[in-house]
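Structure first, then comments.
The values are calculated or read from the model by the stated rules, or taken from the named source; none is laboratory data. Not measured: the values here are computed from a predicted model. Cβ placement follows ideal geometry from the backbone for every residue including glycine, while neighbour counts extend to all protein chains displayed. The accessibility values were calculated without ligands, DNA or RNA, using every heavy atom of the protein model including side chains. Shrake-Rupley method; radii C 1.70, N 1.55, O 1.52, S 1.80 Å.
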Amino acid sequence: MQFPDHQRSFHTAVEQVDGDRVVVCRGEIDCQATDELWRAVEQVGAGGRPVTIDLAGTTFMDSAGINLLLRAYVARGRVTDAVVLRSPSEPVRRTLTVAGIADVFRIDDR
């Protein structure tokens, strides 16, 4: 079921930031958000480019979000710099820490 934008709890967009394409996430990353987020990750990472995901506006992330981030990491060759998490919010940082994967990704705190 599709919700009008004003009722959705998640939104993603691909934006140009400092000459790089960045996946910008806003709201809650859960199982309902992962398909949309994965399409954006694939779009930005086409051709083997590093993927930067802006998580500053992410208010919640559950195991579906963790799995998606790990999937991106594996798809990019298990290289730390291949998936960059930009300004993860405090809820995302806690989730990464509890899951024990905070050191898997490069964190960019701009």
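The figures follow:
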| quantity | calculated |
| --- | --- |
| So T97, is it under 14 Å from V22 (Cβ atoms) and open to solvent by 10 Å² or more (accessible area, probe 1.4 Å) | no |
| Residue that is modelled with the highest pLDDT, among those in the stretch 60-94 that are of a type in the set (V, I, T) and open to solvent by 30 Å² or more (accessible area, probe 1.4 Å) | V74 |
| Hits in the stretch 82-103 - residues which are over 14 Å from the mean Cα position of the chain (by Cα) and touching a residue at least 24 places away in the same chain (Cβ under 8 Å) | A99 |
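Quick grid of which residues meet (1) touching a residue at least 12 places away in the same chain (Cβ under 8 Å); (2) over 17 Å from D109 (Cα atoms); (3) open to solvent by less than 10 Å² (accessible area, probe 1.4 Å); (4) assigned to a strand (DSSP E or B):
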site: H11; (1), (2), (3), (4): yes, yes, no, yes
site: C31; (1), (2), (3), (4): yes, yes, no, no
site: D35; (1), (2), (3), (4): no, yes, no, no
site: W38; (1), (2), (3), (4): yes, yes, no, no
site: L55; (1), (2), (3), (4): yes, no, yes, yes
